[in-house]
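The block underneath contains the structure these notes are about, expressed in structure tokens.
The values are calculated or read from the model by the stated rules, or taken from the named source; none is laboratory data. Just so you know, these numbers come straight off a predicted model, no measurement behind them. Please note: Cβ atoms are built from the backbone with ideal geometry, for glycine as well, and neighbour counts cover all protein chains shown. Side chains are part of the model used for accessible areas, which takes the heavy atoms of the whole protein and leaves out ligands, DNA and RNA. Shrake-Rupley method; radii C 1.70, N 1.55, O 1.52, S 1.80 Å.
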Amino acid sequence: NHQFNGEPHSYTRFNLTQNMEGDNSQVEMKLSSDMDEEVGENGVGDNRNHNSNRKPYVAQKLGRTPKNLFFMAAATLLIFIIGYLIGYLVHRKKDLAPTCAASVVRFDEAVAHETGAAPLMDWNDVKKLLAQKVTAANFEPLFREFSSANHRAGSPDDDALANKVIKKFKEYGMKSWTDEHFVKVQDCPASGSNRVVFKNGSAMRPEGFLSYSATGEVTGAALYAYYGQDSDLMLLRDKSINLTGRVMLVRAGRISLAEKVGGFGKKFNRTNITVNVLFLTPSNFAVSNNNNFHDLVHMGSGDPYTPGFPSFNHTQFPPVQSSGLPKILAQTITAGMAIGILRQLGGQDVPTGWGGLHKLGEESDLITVEVNNILTEKKINNVFGVIKGFVDADRYVVIGAQRDAWGPGFAASTVGTSVLVELARSISDMVKNDGFKPRRSIVFASWSAGEYGSVGATEWLEGYVSSLSMKAFSYINLDGVITGQKRFKVAASPLMHSLIASTLNEVKSTAVGTAKAPFYMCLLSRLVPMKLDNAAYPFLAFSGIPSVSFGFTSDNPYYPLFGTKLDTWEKLNLATGSQVPQLAEMATRFAGHMALRLVHDHLLRMDVMKYDKIIRLRVAQINMKVNAVQRLLPKDLTMQWLFSASGSYSRASRNLVADIQNSDLEDIEMCRIINDRIMAVERNLLSPFVSPRENPFRHILAGSGSHSVAALSDHLEALRIDNPEADADLFRNQFALATWTIQGCANSLAGDVWSLDNEI
């Protein structure tokens, strides 16, 4: 009851009745006086007499002038409107109270309603908007604009492309900036070529080169080693062929050239193997016999002369080199040169399955290789633009593409840069003109010096590692997204596998017209391991940021024109049936769907249970090998603590799912806490017990080095075969550190310190 003018005789009664079955609420309002209450008790006759007696008094008190009647009517109308709105809002609030579980646990369902600090768009509307924005017709002008005959890192052409990218970002209304680094890279000699001589013949001078090769001159007997993999070398050993001091002739493909050269250096460091000659053969790849190609042989990423540190101009470090730099010479030759050498080789026949009618080579087949690559310092610029989020603006997904190339680099850099710019345009237009409000931010990055081993990206990671590890929750790589049309490959963190699966289904459902054809040709989608030569690898293995790299490929995943002057638009059209714009559209949609889903939902769509399965599988594999060599290990070494750490992670991941189910989406702080726990999983799989300078790829599951789970398995195998380099005490140390890394990841995932499950 509300009293007007302090009088107890007149009041207003409200009766709000909500209709919970429908959309509207009913509001009943009655103006009365205390005399009306008495009327209800005395009957109709008494009421008439009573009113006649009180009328002069009431009229006097209320002053029924036209002015007062107007104010009474206005007040009545205002009260009615307020009551109606209160009833409507109460009804809406009860209908729109979803939980966090609706956003994360059920990955196959879109969130029906959005709440929170920003009025967000329904996910189905977001998907439709992106499909409308991205079309194949948008790409041909971008391909022409970002094509260049030669744009090596740090060159004027590279800088010109950087200016074009940043101009686009500014046109789209994005905040943009650049990041400058001074890096050391190895280029071809001043003469323009290195030298190869076979059997005192005429000198061959290939224009191609392998960056970061050792330099000098060496002569040795030629030996054909097929693809240079471990299995190939084992076949040569089985034939009792002397490998000491040989010059290996190796095909390009299957694994990176850095892995081939690094593998030789590691396996034969006690012998005199001093060089690898790597080449392309026309029987494998449709390339010109005179086509030169470039690559690198650094077993790592970034500037190898500042390992683990950023290459900023103001940082002064003592001379240091990456442990991944080779100590042997490596040089490319053209297919024509390779054929001329192979035809003259003597010795034994090649093993069955290697193909070709030539021989393996004998001691008299001498070959001389001279490598005079020069080390130069270059200034490179990474270019960035950002679309800021409306709730958690300090958390962001990074989408990046390589900008530089040794030649035209159409498949290597032009396509990725075009997809990056088109994605930036589409999403910024959704924000400016269509009312889309992402919760988190999206950073678009154009990297330089990608051809030298993801140098620009890695130096950025090294320069801002402390802040990126806490705020960058995912990286999407756009390098090499089109090299064919028959297959679709994805390499990604296990945390993102569920997101990838749902994205593939959504892209298929929104594809229309000519865009459908290339997608359905790629239904043989498959996950592949993320390797060292993947530009997303340092994000995952060095920084602990969940990452994904993808692309349309042919049956042979190795694109032979990377690093050559034949990497052009015309050649890629031949490889894709002239479907490059259509494939670029699908690649943009795939990347865009993942990015938008990650910034749209209340909780990050990352499945922490995936690592539970992987950890348990790896632990089971190690257990089998431990049982096989138990007699060689210390008696007090058991699997108990590794089992316990694995169980701790399993329980922590299940508890997180339970916390999600019991949380409320309207609690922004709670959702942020849960997202922080999800983000910490990948980061805490980086071993804290090794130096990033000596072992930059510290991820125990995806990285490399003695700290990794794979190294544990390899060490057990070395113990089993009585390898003289095997050391039971060293294994015990590796075993303990890997156990504590898994336990630490479980502790972080559990959340608060009082929630820890630590029985070790």
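At a glance:
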| read-out | value |
| --- | --- |
| Peptides ranked, highest mean first, by Cβ atoms within 10 Å: ranges 391-402, 532-543 | 532-543, 391-402 |
| Net lengthening on full extension, Asp122/Ala74 (0.36 nm per residue, minus Cα-Cα) | 13.4 nm |
| Accessible area of the stretch 284-415 belonging to carbon and sulfur atoms, whole % at 1.4 Å probe | 52 percent |
| Calculated FRET efficiency for the pair Glu362/Met234, C-beta based, R₀ 22 Å, to 0.05 | 0.65 |
| Extension gain, Lys531 back to Ser155 (0.36 nm per residue minus Cα-Cα distance, nm) | 132.5 nm |
| Separation of the Ile614 and Phe312 label points, Cα + 7 Å toward Cβ, nm | 3.2 nm |
| Rg and Dmax [Cα atoms of the stretch 552-636; Å; Rg one decimal, Dmax integer] | 23.0, 65 |
| For His699, distant residues with modelled amide H under 5 Å away | Ser687, Ser704 |
| Whether the stretch 354-401 is rounded, prolate or oblate, judged on the alpha carbon gyration tensor where a/c under 1.5 counts as rounded | oblate |
| Computed lengthening from Gln348 to Met624, 0.36 nm per intervening residue step minus Cα-Cα distance | 95.3 nm |
| Distance between modelled label sites at Asp752 and Asp636, nm, 7 Å Cα→Cβ extension | 3.7 nm |
| Computed P(r) (all Cα pairs; the stretch 303-430; 5 Å bins; percent) | 2, 6, 9, 11, 11, 12, 11, 11, 9, 7, 5, 3, 2, 1, 0 |
| Three-way shape label, the stretch 121-272, alpha-carbon gyration tensor, a/c 1.5 | prolate |
| Hz values of 3J(HN,Hα) by residue in the stretch 616-631 - Karplus curve (6.51, -1.76, 1.60), Gly and Pro given as x | 5, 5, 5, 5, 5, 5, 5, 4, 4, 6, 4, 4, 6, 10, 4, 5 |
| Where a label projected 7 Å from the Cα of Ala501 along Cα→Cβ would reach, residues of the stretch 654-694 with amide N under 18 Å | 654, 657 |
| Coil-residue GluC sites (Glu not before Pro) of the stretch 325-389, DSSP, other Cβ within 10 Å capped at 16 | Glu362, Glu363 |
| Entries in Lys167/Lys531; Lys164/Lys388; Lys378/Lys489; Lys531/Lys565; Lys128/Lys531 that, when Cα-Cα distance is taken, lie over 28 Å | Lys167/Lys531; Lys378/Lys489; Lys128/Lys531 |
